[in-house]
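Structure first, then comments.
The values are calculated or read from the model by the stated rules, or taken from the named source; none is laboratory data. Small disclaimer: the values here were computed from a predicted structure and weren't measured. All Cβ positions, even for glycine, are placed from backbone atoms using ideal geometry, and neighbour counts span all protein chains on display.
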Amino acid sequence: MSNHEHGAVDHIVPLKMLVGTCAALLFLTAVTVWVAELDFNIMNIPSMNLIVALSVATVKVLIVSMIFMHLRWDRSFIGFIFVMSCILVFLFIGFALTDTSENLPNIIPGNTPDVQLKLDALEATAAQVAASPAESASQGDGADR
């Protein structure tokens, strides 16, 4: 029979590291809230909010996975699997985003000139219909007197 213990702890994370991790995560959460309130449209960088927010979220994921999931102290193969899965997720999301940008005019109604012309014609017709009862009502009131 083998003589090994189940559930033995390989390492213990020091309290100082846990407090530092908590402080870093709280600071990055405050940065995320601060970035959400910033208006990058003034500087003509409208997508900067998304870029900064995703960068901060990526750093927070790395901190949580390295410290709380103990990837820092685990075998390197487990870290390799984690990094490869992140790369594949980014790759799949990138492919989906390129496909979405190609079909964007078909997804959003009113984004093509034909649809805009039809909307303008409908507005003109609605304005004529709205004006017609008002004119007939004003002519009818004058005829009764």
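For the reader, a short list of remarks on this structure follows.
- Restricting attention to segment 12-38 and to residues that are loosely packed, with under 10 Cβ neighbours inside 10 Å and not in a helix (DSSP H, G or I), the residue that is modelled with the highest pLDDT turns out to be PRO14.
- Complete set of residues in segment 67-87 that are hydroxyl-bearing (Ser, Thr, Tyr) and over 25 Å from the mean Cα position of the chain (by Cα): SER76
Quick grid of which residues meet (1) of a type in the set (Asp, Glu); (2) at pLDDT 80 or above; (3) within 30 Å of VAL13 (Cα to Cα):
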position: ASP74; (1), (2), (3): yes, no, yes
position: CYS86; (1), (2), (3): no, yes, yes
position: GLY94; (1), (2), (3): no, yes, no
position: THR98; (1), (2), (3): no, no, no
position: VAL115; (1), (2), (3): no, no, no
position: GLU123; (1), (2), (3): yes, yes, no
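- Note on segment 59-90: residues that are over 17 Å from LEU25 (Cα atoms) and in contact (Cβ under 8 Å) with a residue 40 or more places away in the chain amount to 1.
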